[in-house]
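Data block below; observations after.
The values are calculated or read from the model by the stated rules, or taken from the named source; none is laboratory data. On a predicted model such as this, the values are computed, not experimentally measured, just so you know. Using ideal geometry, Cβ is built from the backbone for each residue, glycine included, and neighbour counts are taken over all protein chains shown. Side chains are part of the model used for accessible areas, which takes the heavy atoms of the whole protein and leaves out ligands, DNA and RNA. Shrake-Rupley method; radii C 1.70, N 1.55, O 1.52, S 1.80 Å.
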Amino acid sequence: MSDKQHPLLAIRGLKKQFGATEVLKGVDLDLNKGDVVSIIGSSGSGKTTLLRCVNLLEEYQGGEIALDGETIGYRSGDGRRRRLSDRELSRQRAMTGMVFQSFNLFPHLTAAGNVMLGLRKVLKLPKAEARAIAENWLARVGLAARADHYPSQLSGGQQQRVAIARALAMNPKLVLLDEVTSALDPELVQEVLNTVKGIADDGATLLIVTHEMRFARDVSSRVVFMEQGRIAEDGPPAQIFGAPKNARLAEFLRTTRH
Amino acid sequence: MEYSLHFGAVWASFDKLLSGLAIGLGLAVVAVAIGTVLGLLAAFASVGPYRLLRWAAAFYVSLIRNLPLLVLVLLAYFALPQAGITLDKYQSFAGALALYSGAYLTEVFRAGLISVPKGVIEAARAIGLTRLQTNVSVVAPIMLRNALPSLGNTFIGMFKDSSIAAAIAVPELTFEARKINVDTFRVIETWTVASGLYIAACVVIAALLRGLERRFPKF
Ligand SMILES: Nc1ncnc2c1ncn2[C@@H]1O[C@H](COP(=O)(O)OP(=O)(O)OP(=O)(O)O)[C@@H](O)[C@H]1O
Ligand SMILES: [Mg+2]
(Lines give C-alpha, C1' and ligand atoms only; values in the text may rest on other atoms or scores of the structure.)
(Ligands and ions follow the chains in the order given, each with its own letter.)
Protein backbone atom coordinates (compact mmCIF):
# COMPACT_ATOMS: atom_id res chain seq x y z
CA MET A 1 0.00 0.00 0.00
CA SER A 2 1.22 3.45 -0.75
CA ASP A 3 0.46 6.14 1.73
CA LYS A 4 1.07 9.83 2.24
CA GLN A 5 4.77 9.31 2.82
CA HIS A 6 5.58 7.94 -0.60
CA PRO A 7 4.02 7.76 -4.04
CA LEU A 8 3.52 4.32 -5.55
CA LEU A 9 6.13 5.05 -8.20
CA ALA A 10 8.83 7.65 -7.74
CA ILE A 11 11.34 8.25 -10.52
CA ARG A 12 14.14 10.67 -9.66
CA GLY A 13 16.73 12.02 -12.07
CA LEU A 14 16.62 8.95 -14.30
CA LYS A 15 19.44 8.88 -16.82
CA LYS A 16 19.92 6.27 -19.48
CA GLN A 17 22.36 6.06 -22.33
CA PHE A 18 22.86 3.62 -25.15
CA GLY A 19 26.59 3.78 -25.73
CA ALA A 20 27.39 7.45 -26.14
CA THR A 21 23.81 8.55 -26.83
CA GLU A 22 21.93 9.86 -23.84
CA VAL A 23 18.31 8.81 -24.27
CA LEU A 24 16.89 9.77 -20.85
CA LYS A 25 18.39 12.97 -19.49
CA GLY A 26 17.07 13.17 -15.97
CA VAL A 27 13.43 12.13 -15.75
CA ASP A 28 11.34 12.83 -12.65
CA LEU A 29 7.89 11.31 -12.38
CA ASP A 30 5.54 10.35 -9.56
CA LEU A 31 2.49 8.13 -9.67
CA ASN A 32 0.09 7.63 -6.80
CA LYS A 33 -2.01 4.55 -6.33
CA GLY A 34 -4.90 4.55 -8.78
CA ASP A 35 -3.32 7.13 -11.08
CA VAL A 36 -3.65 6.66 -14.80
CA VAL A 37 -0.82 8.55 -16.43
CA SER A 38 -0.34 8.73 -20.20
CA ILE A 39 2.98 9.57 -21.78
CA ILE A 40 2.86 11.22 -25.16
CA GLY A 41 5.66 12.56 -27.30
CA SER A 42 7.28 12.25 -30.67
CA SER A 43 9.08 9.17 -31.90
CA GLY A 44 12.47 8.66 -30.30
CA SER A 45 11.74 10.88 -27.29
CA GLY A 46 12.43 7.99 -24.90
CA LYS A 47 8.93 6.80 -23.90
CA THR A 48 9.56 3.10 -24.43
CA THR A 49 12.97 3.33 -22.82
CA LEU A 50 11.41 4.93 -19.73
CA LEU A 51 8.90 2.08 -19.34
CA ARG A 52 11.60 -0.53 -19.88
CA CYS A 53 13.74 1.05 -17.16
CA VAL A 54 10.81 0.96 -14.75
CA ASN A 55 10.31 -2.73 -15.50
CA LEU A 56 14.06 -3.32 -15.17
CA LEU A 57 14.35 -4.62 -18.72
CA GLU A 58 17.03 -1.97 -19.27
CA GLU A 59 19.88 -0.93 -17.06
CA TYR A 60 20.24 2.77 -16.39
CA GLN A 61 23.26 4.86 -15.50
CA GLY A 62 21.86 7.44 -13.14
CA GLY A 63 18.97 8.32 -10.89
CA GLU A 64 16.67 6.18 -8.86
CA ILE A 65 13.35 4.39 -9.21
CA ALA A 66 11.32 3.52 -6.12
CA LEU A 67 8.28 1.30 -6.28
CA ASP A 68 6.02 1.46 -3.24
CA GLY A 69 8.93 2.79 -1.19
CA GLU A 70 11.44 0.17 -2.32
CA THR A 71 14.37 1.28 -4.44
CA ILE A 72 14.51 -1.12 -7.37
CA GLY A 73 17.15 -2.33 -9.76
CA TYR A 74 20.27 -1.24 -7.91
CA ARG A 75 21.84 -1.44 -4.53
CA SER A 76 24.18 1.28 -3.42
CA GLY A 77 26.69 0.91 -0.66
CA ASP A 78 30.14 2.31 0.04
CA GLY A 79 29.75 4.83 -2.74
CA ARG A 80 29.18 2.19 -5.40
CA ARG A 81 26.05 1.39 -7.31
CA ARG A 82 25.48 -2.23 -8.22
CA ARG A 83 22.83 -4.03 -10.23
CA LEU A 84 20.82 -6.47 -8.13
CA SER A 85 20.99 -10.22 -8.66
CA ASP A 86 18.76 -11.95 -11.21
CA ARG A 87 16.60 -13.34 -8.43
CA GLU A 88 16.05 -9.92 -6.85
CA LEU A 89 15.38 -8.27 -10.20
CA SER A 90 12.85 -10.99 -11.02
CA ARG A 91 11.05 -10.48 -7.73
CA GLN A 92 10.85 -6.75 -8.37
CA ARG A 93 9.72 -7.19 -11.97
CA ALA A 94 6.82 -9.30 -10.75
CA MET A 95 5.49 -6.22 -8.93
CA THR A 96 4.91 -4.42 -12.24
CA GLY A 97 3.01 -5.76 -15.21
CA MET A 98 3.98 -4.92 -18.76
CA VAL A 99 1.92 -5.02 -21.94
CA PHE A 100 3.92 -4.77 -25.14
CA GLN A 101 3.13 -3.27 -28.51
CA SER A 102 3.71 -6.65 -30.19
CA PHE A 103 1.74 -8.75 -27.63
CA ASN A 104 4.63 -11.17 -27.09
CA LEU A 105 2.41 -14.06 -26.04
CA PHE A 106 4.06 -17.41 -25.38
CA PRO A 107 3.29 -19.20 -28.66
CA HIS A 108 3.49 -22.70 -27.19
CA LEU A 109 0.88 -22.04 -24.50
CA THR A 110 -2.86 -21.52 -24.73
CA ALA A 111 -4.48 -18.28 -23.63
CA ALA A 112 -5.04 -19.77 -20.19
CA GLY A 113 -1.50 -21.19 -20.18
CA ASN A 114 -0.11 -17.74 -20.93
CA VAL A 115 -1.93 -16.27 -17.95
CA MET A 116 -1.09 -19.22 -15.69
CA LEU A 117 2.68 -19.36 -16.24
CA GLY A 118 3.55 -16.50 -13.90
CA LEU A 119 0.95 -17.59 -11.37
CA ARG A 120 2.49 -21.06 -11.24
CA LYS A 121 6.21 -20.28 -11.51
CA VAL A 122 6.47 -16.91 -9.80
CA LEU A 123 3.60 -16.87 -7.32
CA LYS A 124 3.83 -20.68 -6.90
CA LEU A 125 0.07 -21.14 -6.90
CA PRO A 126 -1.39 -24.64 -7.22
CA LYS A 127 -2.58 -25.51 -10.72
CA ALA A 128 -6.30 -25.45 -10.00
CA GLU A 129 -6.10 -22.06 -8.35
CA ALA A 130 -3.98 -20.63 -11.16
CA ARG A 131 -6.46 -21.96 -13.70
CA ALA A 132 -9.37 -20.38 -11.84
CA ILE A 133 -7.63 -17.00 -11.73
CA ALA A 134 -6.74 -17.27 -15.42
CA GLU A 135 -10.32 -18.08 -16.40
CA ASN A 136 -11.56 -15.22 -14.30
CA TRP A 137 -9.21 -12.74 -15.97
CA LEU A 138 -9.87 -14.05 -19.45
CA ALA A 139 -13.57 -13.57 -18.76
CA ARG A 140 -12.89 -9.99 -17.69
CA VAL A 141 -11.19 -9.21 -20.98
CA GLY A 142 -14.03 -10.91 -22.84
CA LEU A 143 -12.21 -14.09 -23.79
CA ALA A 144 -13.81 -16.73 -21.57
CA ALA A 145 -14.55 -18.87 -24.62
CA ARG A 146 -10.97 -18.67 -25.91
CA ALA A 147 -9.13 -19.99 -22.84
CA ASP A 148 -7.86 -23.08 -24.65
CA HIS A 149 -6.94 -21.39 -27.92
CA TYR A 150 -3.33 -20.90 -28.92
CA PRO A 151 -2.11 -17.40 -29.78
CA SER A 152 -1.90 -18.34 -33.47
CA GLN A 153 -5.64 -19.03 -33.36
CA LEU A 154 -6.48 -15.57 -32.01
CA SER A 155 -6.85 -12.18 -33.69
CA GLY A 156 -4.42 -9.42 -32.82
CA GLY A 157 -6.98 -7.73 -30.60
CA GLN A 158 -7.69 -10.98 -28.79
CA GLN A 159 -3.98 -11.65 -28.35
CA GLN A 160 -3.46 -8.22 -26.84
CA ARG A 161 -6.36 -8.78 -24.44
CA VAL A 162 -4.75 -12.08 -23.36
CA ALA A 163 -1.54 -10.13 -22.77
CA ILE A 164 -3.46 -7.67 -20.61
CA ALA A 165 -5.01 -10.54 -18.64
CA ARG A 166 -1.55 -12.10 -18.26
CA ALA A 167 -0.17 -8.88 -16.78
CA LEU A 168 -3.15 -8.14 -14.53
CA ALA A 169 -3.52 -11.69 -13.17
CA MET A 170 -0.21 -11.27 -11.34
CA ASN A 171 -1.90 -8.58 -9.29
CA PRO A 172 0.87 -6.03 -9.96
CA LYS A 173 1.09 -2.75 -8.13
CA LEU A 174 1.61 -0.93 -11.41
CA VAL A 175 0.91 -1.79 -15.04
CA LEU A 176 2.98 -0.42 -17.92
CA LEU A 177 1.41 -0.31 -21.37
CA ASP A 178 3.54 0.56 -24.39
CA GLU A 179 1.52 1.54 -27.45
CA VAL A 180 -0.69 -1.48 -27.00
CA THR A 181 -2.82 -0.73 -30.06
CA SER A 182 -0.13 0.32 -32.53
CA ALA A 183 0.28 -3.13 -34.05
CA LEU A 184 -3.45 -3.66 -34.49
CA ASP A 185 -5.69 -3.31 -37.51
CA PRO A 186 -7.85 -0.20 -37.05
CA GLU A 187 -11.04 -2.16 -36.47
CA LEU A 188 -9.44 -4.01 -33.53
CA VAL A 189 -8.14 -0.95 -31.71
CA GLN A 190 -11.33 -0.08 -29.87
CA GLU A 191 -11.81 -3.47 -28.18
CA VAL A 192 -8.35 -3.19 -26.65
CA LEU A 193 -8.79 0.45 -25.60
CA ASN A 194 -12.11 -0.49 -23.96
CA THR A 195 -10.35 -3.26 -22.06
CA VAL A 196 -7.69 -0.82 -20.81
CA LYS A 197 -10.40 1.65 -19.85
CA GLY A 198 -12.13 -1.13 -17.91
CA ILE A 199 -9.07 -1.92 -15.80
CA ALA A 200 -8.47 1.79 -15.25
CA ASP A 201 -12.02 2.17 -13.97
CA ASP A 202 -11.42 -0.76 -11.63
CA GLY A 203 -8.71 1.24 -9.90
CA ALA A 204 -5.48 -0.17 -11.40
CA THR A 205 -2.45 2.12 -11.48
CA LEU A 206 -1.43 2.55 -15.10
CA LEU A 207 1.47 4.17 -16.92
CA ILE A 208 0.51 4.28 -20.58
CA VAL A 209 2.54 5.23 -23.63
CA THR A 210 0.13 6.00 -26.42
CA HIS A 211 -0.37 7.81 -29.70
CA GLU A 212 -4.16 7.68 -29.27
CA MET A 213 -4.72 11.26 -28.13
CA ARG A 214 -8.46 10.97 -27.65
CA PHE A 215 -7.97 7.88 -25.52
CA ALA A 216 -5.26 9.59 -23.46
CA ARG A 217 -7.61 12.47 -22.80
CA ASP A 218 -10.51 10.18 -21.82
CA VAL A 219 -8.76 7.75 -19.58
CA SER A 220 -5.90 9.66 -17.92
CA SER A 221 -5.77 11.46 -14.63
CA ARG A 222 -2.54 13.08 -15.86
CA VAL A 223 -0.72 13.36 -19.14
CA VAL A 224 3.03 13.69 -19.51
CA PHE A 225 4.72 15.08 -22.60
CA MET A 226 8.21 13.76 -23.29
CA GLU A 227 10.65 15.57 -25.50
CA GLN A 228 14.23 14.48 -26.21
CA GLY A 229 14.68 12.41 -23.07
CA ARG A 230 13.04 14.87 -20.68
CA ILE A 231 9.57 15.47 -19.36
CA ALA A 232 8.66 18.78 -20.90
CA GLU A 233 5.15 19.11 -19.48
CA ASP A 234 3.13 17.24 -16.91
CA GLY A 235 -0.49 18.10 -16.11
CA PRO A 236 -4.15 17.15 -16.24
CA PRO A 237 -5.50 16.26 -19.70
CA ALA A 238 -7.46 19.50 -19.91
CA GLN A 239 -4.26 21.50 -19.56
CA ILE A 240 -2.12 19.35 -21.85
CA PHE A 241 -4.63 19.21 -24.67
CA GLY A 242 -6.48 22.47 -24.02
CA ALA A 243 -3.84 24.93 -22.92
CA PRO A 244 -0.36 23.56 -23.47
CA LYS A 245 2.38 25.75 -21.98
CA ASN A 246 5.29 24.13 -23.75
CA ALA A 247 5.82 25.31 -27.31
CA ARG A 248 7.03 21.89 -28.46
CA LEU A 249 3.93 20.28 -27.03
CA ALA A 250 1.69 22.72 -28.87
CA GLU A 251 3.62 21.92 -32.03
CA PHE A 252 3.38 18.17 -31.38
CA LEU A 253 -0.38 18.36 -30.86
CA ARG A 254 -0.82 20.34 -34.07
CA THR A 255 1.07 17.79 -36.12
CA THR A 256 -0.58 14.71 -34.61
CA ARG A 257 -4.14 16.02 -34.84
CA HIS A 258 -3.86 16.80 -38.54
CA MET B 1 29.92 -65.23 -66.66
CA GLU B 2 26.30 -65.05 -65.58
CA TYR B 3 25.37 -64.13 -62.01
CA SER B 4 21.99 -65.59 -61.10
CA LEU B 5 20.21 -64.24 -58.07
CA HIS B 6 19.58 -66.58 -55.12
CA PHE B 7 18.14 -64.89 -52.09
CA GLY B 8 17.62 -68.15 -50.19
CA ALA B 9 20.90 -68.05 -48.32
CA VAL B 10 20.29 -64.45 -47.29
CA TRP B 11 16.74 -65.13 -46.11
CA ALA B 12 18.09 -67.97 -43.98
CA SER B 13 20.02 -65.39 -41.99
CA PHE B 14 17.37 -62.69 -42.14
CA ASP B 15 16.86 -62.82 -38.36
CA LYS B 16 20.54 -61.84 -37.95
CA LEU B 17 19.97 -58.82 -40.15
CA LEU B 18 16.90 -57.85 -38.17
CA SER B 19 18.70 -58.11 -34.86
CA GLY B 20 21.51 -56.05 -36.40
CA LEU B 21 18.96 -53.44 -37.41
CA ALA B 22 17.59 -53.37 -33.85
CA ILE B 23 21.07 -52.90 -32.40
CA GLY B 24 21.74 -50.01 -34.80
CA LEU B 25 18.46 -48.36 -33.85
CA GLY B 26 19.16 -48.89 -30.16
CA LEU B 27 22.60 -47.33 -30.46
CA ALA B 28 21.16 -44.35 -32.34
CA VAL B 29 18.43 -43.85 -29.74
CA VAL B 30 20.90 -43.89 -26.84
CA ALA B 31 23.39 -41.68 -28.70
CA VAL B 32 20.83 -39.09 -29.78
CA ALA B 33 19.27 -39.05 -26.30
CA ILE B 34 22.64 -38.26 -24.70
CA GLY B 35 23.57 -36.04 -27.65
CA THR B 36 20.38 -34.04 -27.14
CA VAL B 37 21.35 -33.29 -23.55
CA LEU B 38 24.90 -32.38 -24.62
CA GLY B 39 23.58 -30.28 -27.49
CA LEU B 40 21.13 -28.41 -25.26
CA LEU B 41 23.82 -27.64 -22.69
CA ALA B 42 26.32 -26.53 -25.30
CA ALA B 43 23.73 -24.49 -27.23
CA PHE B 44 22.57 -22.60 -24.14
CA ALA B 45 26.22 -22.12 -23.17
CA SER B 46 27.05 -20.77 -26.61
CA VAL B 47 24.42 -18.02 -26.49
CA GLY B 48 24.77 -17.37 -22.76
CA PRO B 49 26.53 -14.57 -20.91
CA TYR B 50 29.61 -16.53 -19.74
CA ARG B 51 32.61 -16.23 -22.00
CA LEU B 52 34.30 -19.37 -20.66
CA LEU B 53 31.21 -21.48 -21.38
CA ARG B 54 30.81 -19.94 -24.84
CA TRP B 55 34.41 -20.79 -25.54
CA ALA B 56 34.01 -24.36 -24.24
CA ALA B 57 30.95 -24.93 -26.42
CA ALA B 58 32.73 -23.60 -29.51
CA PHE B 59 35.74 -25.79 -28.76
CA TYR B 60 33.57 -28.90 -28.39
CA VAL B 61 31.72 -28.30 -31.65
CA SER B 62 34.77 -27.56 -33.76
CA LEU B 63 36.79 -30.40 -32.23
CA ILE B 64 34.15 -33.03 -32.92
CA ARG B 65 33.07 -31.72 -36.30
CA ASN B 66 36.63 -31.80 -37.58
CA LEU B 67 37.07 -35.45 -36.70
CA PRO B 68 35.76 -38.24 -38.92
CA LEU B 69 33.29 -40.36 -36.95
CA LEU B 70 35.34 -43.50 -37.66
CA VAL B 71 38.39 -41.94 -36.06
CA LEU B 72 36.38 -40.88 -33.04
CA VAL B 73 35.00 -44.41 -32.70
CA LEU B 74 38.44 -46.03 -32.93
CA LEU B 75 39.82 -43.49 -30.49
CA ALA B 76 37.09 -44.26 -27.96
CA TYR B 77 37.47 -48.01 -28.36
CA PHE B 78 41.23 -48.41 -28.51
CA ALA B 79 42.69 -45.34 -26.83
CA LEU B 80 40.45 -44.93 -23.79
CA PRO B 81 41.49 -48.28 -22.25
CA GLN B 82 45.10 -47.06 -22.40
CA ALA B 83 43.97 -44.15 -20.28
CA GLY B 84 42.47 -46.58 -17.79
CA ILE B 85 38.85 -46.21 -18.94
CA THR B 86 37.46 -49.55 -20.05
CA LEU B 87 34.18 -49.57 -21.92
CA ASP B 88 32.72 -52.44 -23.89
CA LYS B 89 32.27 -51.92 -27.61
CA TYR B 90 28.61 -50.93 -27.25
CA GLN B 91 29.35 -48.35 -24.60
CA SER B 92 32.32 -46.88 -26.38
CA PHE B 93 30.46 -46.65 -29.68
CA ALA B 94 27.34 -45.16 -28.11
CA GLY B 95 29.56 -42.67 -26.30
CA ALA B 96 31.39 -41.69 -29.48
CA LEU B 97 28.15 -41.34 -31.43
CA ALA B 98 26.63 -39.33 -28.57
CA LEU B 99 29.55 -36.89 -28.62
CA TYR B 100 29.31 -36.71 -32.39
CA SER B 101 25.55 -36.12 -32.54
CA GLY B 102 25.81 -33.67 -29.65
CA ALA B 103 28.09 -31.44 -31.71
CA TYR B 104 25.65 -31.38 -34.62
CA LEU B 105 22.69 -30.89 -32.32
CA THR B 106 24.45 -27.96 -30.68
CA GLU B 107 24.25 -26.16 -34.00
CA VAL B 108 20.65 -27.23 -34.51
CA PHE B 109 19.61 -25.99 -31.08
CA ARG B 110 21.66 -22.83 -31.41
CA ALA B 111 19.77 -21.91 -34.55
CA GLY B 112 16.54 -22.76 -32.70
CA LEU B 113 17.53 -20.56 -29.78
CA ILE B 114 18.32 -17.61 -31.99
CA SER B 115 14.88 -17.99 -33.59
CA VAL B 116 13.04 -17.49 -30.27
CA PRO B 117 11.65 -13.94 -30.45
CA LYS B 118 13.36 -11.54 -28.05
CA GLY B 119 10.05 -9.97 -27.12
CA VAL B 120 8.67 -13.30 -25.92
CA ILE B 121 11.68 -13.74 -23.65
CA GLU B 122 11.18 -10.21 -22.31
CA ALA B 123 7.52 -10.96 -21.64
CA ALA B 124 8.59 -13.91 -19.49
CA ARG B 125 11.10 -11.76 -17.63
CA ALA B 126 8.50 -9.02 -17.21
CA ILE B 127 6.14 -11.28 -15.27
CA GLY B 128 9.00 -12.14 -12.93
CA LEU B 129 10.42 -15.40 -14.24
CA THR B 130 14.10 -15.80 -13.47
CA ARG B 131 16.57 -16.42 -16.26
CA LEU B 132 16.54 -20.16 -15.56
CA GLN B 133 12.74 -20.35 -15.37
CA THR B 134 12.51 -18.44 -18.65
CA ASN B 135 14.89 -20.85 -20.33
CA VAL B 136 13.07 -23.93 -19.06
CA SER B 137 9.45 -22.83 -19.46
CA VAL B 138 9.59 -20.56 -22.49
CA VAL B 139 12.80 -20.71 -24.50
CA ALA B 140 13.35 -24.49 -24.50
CA PRO B 141 9.84 -25.50 -25.60
CA ILE B 142 9.76 -22.95 -28.44
CA MET B 143 13.25 -23.87 -29.53
CA LEU B 144 12.58 -27.62 -29.42
CA ARG B 145 9.48 -27.20 -31.57
CA ASN B 146 11.45 -25.13 -34.07
CA ALA B 147 14.24 -27.70 -34.00
CA LEU B 148 12.00 -30.77 -34.36
CA PRO B 149 12.55 -31.28 -38.13
CA SER B 150 16.33 -30.94 -37.80
CA LEU B 151 16.27 -33.17 -34.75
CA GLY B 152 14.56 -35.82 -36.87
CA ASN B 153 17.09 -35.50 -39.66
CA THR B 154 19.92 -35.81 -37.17
CA PHE B 155 18.37 -38.93 -35.71
CA ILE B 156 18.13 -40.53 -39.16
CA GLY B 157 21.71 -39.51 -39.85
CA MET B 158 22.93 -41.06 -36.60
CA PHE B 159 21.00 -44.26 -37.32
CA LYS B 160 22.78 -44.58 -40.67
CA ASP B 161 26.11 -43.75 -39.01
CA SER B 162 25.57 -46.64 -36.61
CA SER B 163 26.93 -48.78 -39.50
CA ILE B 164 30.38 -47.50 -38.54
CA ALA B 165 30.13 -49.65 -35.41
CA ALA B 166 30.93 -52.57 -37.71
CA ALA B 167 34.54 -51.38 -37.55
CA ILE B 168 34.77 -52.46 -33.91
CA ALA B 169 32.72 -55.64 -34.45
CA VAL B 170 29.45 -54.44 -32.97
CA PRO B 171 26.96 -56.89 -34.52
CA GLU B 172 24.73 -54.28 -36.11
CA LEU B 173 23.21 -54.50 -39.59
CA THR B 174 26.30 -53.72 -41.67
CA PHE B 175 28.47 -56.09 -39.63
CA GLU B 176 25.94 -58.91 -39.97
CA ALA B 177 25.54 -58.29 -43.68
CA ARG B 178 29.29 -58.47 -44.18
CA LYS B 179 29.38 -61.76 -42.30
CA ILE B 180 26.58 -63.23 -44.44
CA ASN B 181 28.35 -61.97 -47.53
CA VAL B 182 31.54 -63.75 -46.53
CA ASP B 183 29.71 -66.95 -45.59
CA THR B 184 27.47 -67.17 -48.67
CA PHE B 185 29.28 -65.21 -51.40
CA ARG B 186 25.85 -63.78 -52.32
CA VAL B 187 27.21 -60.25 -52.72
CA ILE B 188 24.36 -58.59 -54.58
CA GLU B 189 21.61 -60.30 -52.61
CA THR B 190 23.14 -59.56 -49.22
CA TRP B 191 23.78 -55.88 -49.80
CA THR B 192 20.46 -55.40 -51.57
CA VAL B 193 18.58 -56.79 -48.61
CA ALA B 194 20.68 -54.79 -46.14
CA SER B 195 20.10 -51.60 -48.15
CA GLY B 196 16.38 -52.34 -48.27
CA LEU B 197 16.33 -52.65 -44.49
CA TYR B 198 18.16 -49.34 -44.00
CA ILE B 199 15.84 -47.56 -46.40
CA ALA B 200 12.69 -49.11 -44.91
CA ALA B 201 13.74 -48.18 -41.37
CA CYS B 202 14.54 -44.59 -42.38
CA VAL B 203 11.24 -44.20 -44.22
CA VAL B 204 9.35 -45.44 -41.16
CA ILE B 205 11.30 -43.16 -38.80
CA ALA B 206 10.70 -40.18 -41.07
CA ALA B 207 6.97 -40.91 -41.15
CA LEU B 208 6.85 -41.19 -37.35
CA LEU B 209 8.67 -37.89 -37.01
CA ARG B 210 6.28 -36.18 -39.39
CA GLY B 211 3.44 -37.46 -37.23
CA LEU B 212 5.15 -35.99 -34.20
CA GLU B 213 5.55 -32.64 -35.96
CA ARG B 214 1.86 -32.60 -36.77
CA ARG B 215 0.99 -33.21 -33.13
CA PHE B 216 2.94 -30.10 -32.15
CA PRO B 217 1.75 -27.58 -34.71
CA LYS B 218 4.04 -24.78 -35.80
CA PHE B 219 3.33 -21.58 -33.96
N1 LIG C 1 18.61 -0.90 -27.82
C2 LIG C 1 18.93 0.34 -28.24
N3 LIG C 1 20.18 0.62 -28.64
C4 LIG C 1 20.50 1.86 -29.05
N5 LIG C 1 19.65 2.89 -29.12
C6 LIG C 1 18.39 2.68 -28.74
C7 LIG C 1 17.95 1.39 -28.28
N8 LIG C 1 16.64 1.48 -27.98
C9 LIG C 1 16.27 2.75 -28.23
N10 LIG C 1 17.32 3.47 -28.67
C11 LIG C 1 17.29 4.91 -29.01
O12 LIG C 1 16.79 5.60 -27.91
C13 LIG C 1 15.94 6.66 -28.33
C14 LIG C 1 14.60 6.54 -27.62
O15 LIG C 1 13.95 5.39 -28.06
P16 LIG C 1 12.53 4.94 -27.53
O17 LIG C 1 12.22 3.63 -28.15
O18 LIG C 1 12.51 5.01 -26.06
O19 LIG C 1 11.61 6.06 -28.14
P20 LIG C 1 10.04 6.18 -28.12
O21 LIG C 1 9.71 7.48 -27.52
O22 LIG C 1 9.43 4.98 -27.50
O23 LIG C 1 9.71 6.23 -29.68
P24 LIG C 1 8.48 5.61 -30.50
O25 LIG C 1 7.35 6.59 -30.35
O26 LIG C 1 8.98 5.57 -31.91
O27 LIG C 1 8.19 4.27 -29.95
C28 LIG C 1 15.85 6.58 -29.83
O29 LIG C 1 16.70 7.53 -30.36
C30 LIG C 1 16.33 5.19 -30.14
O31 LIG C 1 16.98 5.17 -31.38
MG1 LIG D 1 8.24 3.39 -28.23
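Give the cross-link partners of B:Lys118 among the aspartates and glutamates, using a straight C-alpha distance below 18 Å as the criterion and excluding same-chain residues fewer than 8 apart. Of all the aspartates and glutamates, those that pass the test against B:Lys118 - Cα under 18 Å, at least 8 places apart if same chain - are A:Glu58, A:Glu59, A:Asp86, A:Asp178, A:Glu179. P(r) for segment A:172-239, from all Cα pairs and a bin width of 10 Å, is 18, 53, 27, 2 %, short bins first.
Of the residues B:Tyr50, B:Tyr90, B:Tyr100, the one with the largest accessible area comes first in the ranking B:Tyr50, B:Tyr90, B:Tyr100, computed with a 1.4 Å probe on protein heavy atoms. A loss of 40 Å² or more of accessible area (1.4 Å probe, protein heavy atoms, ligands and nucleic acids excluded) relative to the isolated chain is seen in these residues of segment B:108-145: B:Val120, B:Glu122, B:Ala123, B:Arg125, B:Ala126, B:Ile127, B:Gly128, B:Leu129, B:Thr130, B:Gln133, B:Ser137. Can you flag which of A:Lys25/A:Lys121; A:Lys25/A:Lys197; A:Lys33/A:Lys197; A:Lys25/A:Lys173; A:Lys15/A:Lys197 are past 28 Å Cα-Cα? In this structure, A:Lys25/A:Lys121; A:Lys25/A:Lys197; A:Lys15/A:Lys197 lie more than 28 Å apart at Cα.
Rolling a 1.4 Å probe across all protein chains gives B:Leu52 an accessible area of roughly 140 Å². With Kirkwood's inverse mean 1/r over C-alpha pairs for Rh, give me the Rg to Rh ratio of segment B:131-202, two decimals please. Taking Rg over the Kirkwood Rh, I get 1.28. Computed over chain A, the alpha-carbon pair-distance distribution with 10 angstrom bins reads 7, 29, 35, 22, 6, 0, each value a whole percent. Relative contact order for chain A: 25 percent, from Cα pairs under 8 Å spaced at least 6 residues apart, divided by residue count. Computed from Cα atoms, the angle from the helix B:14-47 axis to the main principal axis of chain B rounds to 20 degrees. Across B:Ser137, B:Ser150, B:Ser101, mean-square fluctuation computed from a Gaussian network of chain B (C-alpha pairs under 10 Å connected) peaks at B:Ser137. A simple packing score, the average count of other Cβ atoms within 10 Å per residue, orders the peptides B:186-196, A:151-161 as A:151-161, B:186-196, with the highest score first. Which net charge results for the neighbourhood of B:Leu5, defined as the other residues with beta-carbon distances under 9 angstrom from its beta-carbon, given Lys and Arg at +1 and Asp and Glu at -1? That works out to 0.
Taking the Cβ-Cβ separation of A:Arg12 and B:Ile188 as r and a Förster radius of 60 Å, what is the calculated FRET efficiency to the nearest 0.05? That gives a FRET efficiency of 0.10. The candidates B:Lys118, A:Lys197, arranged from most to least accessible area with a 1.4 Å probe in the full protein assembly, appear as B:Lys118, A:Lys197. Ranking of B:Leu63, B:Leu151 by solvent-accessible surface, largest first: B:Leu63, B:Leu151 (1.4 Å probe, protein heavy atoms only, all chains present). For q = 0.06, 0.07, 0.11, 0.13 Å⁻¹, what log10 I(q)/I(0) does the protein assembly as shown give under the Debye formula with an equal point scatterer on each alpha carbon and no solvent? Once normalised to I(0) and log-transformed, intensities are -0.41, -0.53, -0.94, -1.16.
At 1.306 mPa s and 10 °C, plugging the Kirkwood radius over alpha-carbon pairs of segment B:26-140 into Stokes-Einstein gives what diffusion coefficient in µm²/s? After rounding, the answer is 103 µm²/s.
Rolling a 1.4 Å probe over the protein heavy atoms leaves A:Asp178 with an accessible area of roughly 10 Å².
Over chain B, dividing the summed -39,500 (n - 2.57) contributions of all DSSP H runs of at least 4 residues by the number of residues returns a 222 nm mean residue ellipticity of -24500 deg cm²/dmol. Ellipticity at 222 nm from helices only: DSSP H runs of n ≥ 4 in chain A, each -39500 (n - 2.57), divided by the residue count, give -10500 deg cm²/dmol.
When only Cα pairs below 8 angstrom with a gap of at least 6 residues are kept, segment B:1-142 shows a relative contact order of 31 percent. Considering only B:Gly39, B:Gly48, B:Gly102, the mean-square fluctuation computed in a Gaussian network model of chain B, springs between alpha carbons under 10 angstrom, is largest for B:Gly48. Placing a label point 7 Å from the Cα of B:Ala111 along the Cα-to-Cβ line, the residues of segment B:142-165 whose backbone N sits under 11 Å from it are B:147-151, B:153-154.
Beta bridges assigned by DSSP with both partners in segment A:116-258 are antiparallel in approximately 55 percent of cases. The heavy atoms of A:Ser182 offer some 60 square angstrom of accessible surface to a 1.4 angstrom probe. Here, segment A:33-131 yields an orientationally averaged convex hull projection of 8.8 nm² when only Cα atoms define the hull. The angle separating the long axis of helix B:173-184 from the principal Cα axis of greatest extent in chain B is about 10 degrees. Sorted largest first, the principal axis extents computed over the alpha-carbon atoms of segment A:102-171 equal 30, 19, 19 Å. Each residue of segment B:187-192 was assigned a 3J(HN,Hα) from its phi angle through the Karplus expression (A = 6.51, B = -1.76, C = 1.60, θ = phi - 60°), giving 4, 5, 4, 4, 6, 5 Hz with x at Gly and Pro. What FRET efficiency comes out for A:Glu70 versus A:Asp148 if R0 is 51 angstrom and r is the Cβ-Cβ distance? Round to the nearest 0.05. The computed FRET efficiency comes out at 0.85. Given segment B:55-212 reduced to its alpha-carbon atoms as identical point scatterers, what log10 I(q)/I(0) does the Debye formula return at q = 0.10 Å⁻¹? One equal scatterer on each Cα of segment B:55-212 leads to -0.53. Roughly speaking, what is the centre-to-centre gap between segment A:127-203 and segment A:91-106 when only Cα atoms are used, to the nearest Å? Using only Cα atoms to place each centre, the spacing works out to 12 Å. Neighbours of A:Glu187, meaning other residues whose beta-carbon lies under 15 angstrom from its beta-carbon, give a summed charge of -2 when Lys and Arg score +1 and Asp and Glu score -1. May I ask for the net charge around B:Ala76, where only other residues with Cβ less than 12 Å from the Cβ of B:Ala76 are counted and Lys, Arg are +1 while Asp, Glu are -1? Neighbour charge sum, excluding B:Ala76 itself: 0.
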